[in-house]
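Trainee: Before we start, here is the structure in question, set down as structure tokens.
The values are calculated or read from the model by the stated rules, or taken from the named source; none is laboratory data. These numbers were taken from a predicted model, which means no experiment stands behind them. As a convention, Cβ positions derive from the backbone with ideal geometry for all residues, glycine included, and neighbour counts pool all protein chains shown. Quick note on the areas: whole protein, heavy atoms, side chains included, nothing else; ligands and nucleic acids left out. Shrake-Rupley method; radii C 1.70, N 1.55, O 1.52, S 1.80 Å.
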Amino acid sequence: MNAALSRFHRQLILPGFSEAAQTRLGQSHALVVGCGALGCASVDLLVRAGVGRVTIVDRDTVEETNLQRQCLYTDEDARRGVPKAEAAARRVRAINPACEVRGWVDDFRAENAREYARGATIMIDGLDNFETRYLLNDLAIDTGTPYIYCAAVGYEGMTFPIVQGEGPCLRCVFPTPPAAGSAPTCDRAGIFGPAIAVAAGYAMAVAIRRMAGIPTRGDSDLVSFDLMAPRMTRVRLGDSARCPGCSACVDRQFEFLDGSRSTRTTALCGRNAVQVLPACMGRIDLAGLRERLVAHGEFSVESGRLRGELLREATPEGGRVELTVFEDGRAIIRGSVESALALRIYAKYVGL
Ligand SMILES: [Zn+2]
């Protein structure tokens, strides 16, 4: 066995694996979009398995509350507020210097999605919002690059691969995104570390086997679990699970990739604020949102809007951040005119 392969010995002796499979992994390029808990766990598994190139895109910085589950980051990363893409890339180089890793501190969106996905063998979901997941779904159908959907919140998780021509797409399974603010987020509902390990473990088993060219029966199944019950469910997904009227994989309308359905931000300069208009408007239960935000500050609900200061957030200059959310999902984030900050705050506390 040559020296480059010797570190993978315990993988190579597994049934199904071979030097040829390992070489295929080494020639593969995984795009990981979002590097929170799922992204970290996925990147760790991919790099240790010997994937040759990994591209990480994430817009966020490391915070202390991430460390309970985001396995690539350290206490020092949190204290220094290092961008996640940067900290993750550094960690990957320390794990396997042969892996060609690129970390981009950026918001993955319609305007740059194709560029980041160029040359990718597979696209991995490390996200926390449906809007960007639908964007990856559009990209997967349009380019034919497999996309591994993966999500976890609370004690639960779900994963299945989206491969054009092999089964349903994300919009066959979830035709419309949940209205802004209606889906649970980790910041409001919490997240159990082992749920991340299980979800990412299943998702990466499929991703690694696919890249290595050794898929097994069941790799296209939808797997969901609840570690509180505990319970695990497996649903066979084939062509019959495709939705005949799917706007994405049947009608090929790529609303998220062409940018016609994306969250819009408008700087309200005179007011030192940014307005956020989510792509999926819907009625928000403001009283419920207020309850879920109780750990993040004091919020009041009156005349159709929720309003308060986010105690754990600050502008780059160290100023206060105020959040106002209206019943239709629109929000105003006060304290800065930076759209990236406003989008991050919205995704984290209201949920896209
Ligand atoms: Zn579809």
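Trainee: Check Leu286, Leu311, Leu341, Leu323 and return the single one that is surrounded by fewer than 16 Cβ atoms within 10 Å (Cβ to Cβ), closer than 22 Å to Arg271 by Cβ and in contact (Cβ under 8 Å) with a residue 12 or more places away in the chain.
Mentor: Leu311
Trainee: Among the numbered conditions (1) buried (at least 18 other Cβ atoms within 10 Å of the Cβ); (2) without any contact (Cβ under 8 Å) to a residue 40 or more places away in the chain, tell me where Ala30 comes up short.
Mentor: Single failed check for Ala30: (2).
Yes/no per residue for (1) β-branched (Val, Ile, Thr); (2) within 12 Å of the ligand (Cβ to nearest atom); (3) farther than 17 Å from Ser262 by Cα:
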site	(1), (2), (3)
Arg114	no, no, no
Arg133	no, no, no
Leu136	no, no, no
Cys150	no, no, yes
Tyr155	no, no, yes
Ile162	yes, yes, yes
Gly167	no, yes, yes
Cys186	no, no, yes
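Trainee: Among Thr159, Thr143, Thr121, which is farther than 26 Å from His296 by Cβ and either basic (Lys, Arg) or open to solvent by less than 40 Å² (accessible area, probe 1.4 Å) (or both)?
Mentor: None of the others qualify; the one that does is Thr159.
Trainee: Looking at the structure I just gave you, is Asp239 within 16 Å of the ligand (Cβ to nearest atom), under 30 Å from Ala21 (Cα atoms) and charged (D, E, K, R)?
Mentor: Yes.
Trainee: Tell me whether region 170-184 contains one or more residues that are within 16 Å of the ligand (Cβ to nearest atom), under 26 Å from Ser260 (Cβ atoms), in the same structural domain as Gly50 (by TED's automatic domain parsing) and crowded, with 23+ Cβ neighbours inside 10 Å.
Mentor: Checking region 170-184: at least one residue is within 16 Å of the ligand (Cβ to nearest atom), under 26 Å from Ser260 (Cβ atoms), in the same structural domain as Gly50 (by TED's automatic domain parsing) and crowded, with 23+ Cβ neighbours inside 10 Å.
Trainee: Quick test of your reading of the structure: Asp58 fulfils all but one of (1) more than 29 Å from Glu156 (Cα to Cα); (2) touching a residue at least 60 places away in the same chain (Cβ under 8 Å). Name the failing condition by number.
Mentor: Condition not satisfied by Asp58: (1).
Trainee: Test Ala279 against the stated conditions and say whether it is within 16 Å of the ligand (Cβ to nearest atom), of a type in the set (Gly, Ala, Ser), crowded, with 19+ Cβ neighbours inside 10 Å and not in a strand (DSSP E or B).
Mentor: The answer is no for Ala279.
Trainee: Go through the residues of region 199-211 one by one and say whether even a single one is within 16 Å of the ligand (Cβ to nearest atom) and assigned by TED's automatic domain parsing to the domain that holds Asp58.
Mentor: No, region 199-211 has no match at all.
Trainee: Can you tell which of Arg234, Arg252 is within 16 Å of the ligand (Cβ to nearest atom) and either over 21 Å from Thr145 (Cα atoms) or open to solvent by 70 Å² or more (accessible area, probe 1.4 Å) (or both)?
Mentor: Arg252
Trainee: I need every pair where a residue in region 218-244 that is at negative phi and assigned by TED's automatic domain parsing to the domain that holds Pro175 has its Cβ under 6 Å from the Cβ of a residue that is part of a loop (DSSP other than H, G, I, E, B) and hydroxyl-bearing (Ser, Thr, Tyr), sequence separation at least 6 or different chains.
Mentor: Final answer for the pair search is Asp226/Tyr155; Leu227/Tyr155; Met228/Tyr155; Leu237/Ser220.
Trainee: Also, quick follow-up: Among the residues of region 252-276, which ones are among the charged types (D, E, K, R) and part of a loop (DSSP other than H, G, I, E, B)?
Mentor: Arg252, Glu255, Asp258, Arg261 - these are the residues of region 252-276 that are among the charged types (D, E, K, R) and part of a loop (DSSP other than H, G, I, E, B).
Trainee: Let me ask something else about it. So which residues in region 79-100 are at pLDDT 95 or above, crowded, with 18+ Cβ neighbours inside 10 Å, more than 18 Å from the chain's Cα centre (by Cα) and aliphatic (A, V, I, L, M), if there are any at all?
Mentor: Val92
Yes/no matrix, rows are residues, columns are (1) closer than 20 Å to Phe130 by Cα; (2) not hydroxyl-bearing (Ser, Thr, Tyr):
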| position | (1), (2) |
| --- | --- |
| Pro215 | no, yes |
| Val223 | yes, yes |
| Leu227 | no, yes |
| Ala241 | no, yes |
| Gly259 | yes, yes |
| Phe299 | no, yes |
| Arg312 | no, yes |
| Glu317 | no, yes |
| Thr324 | no, no |
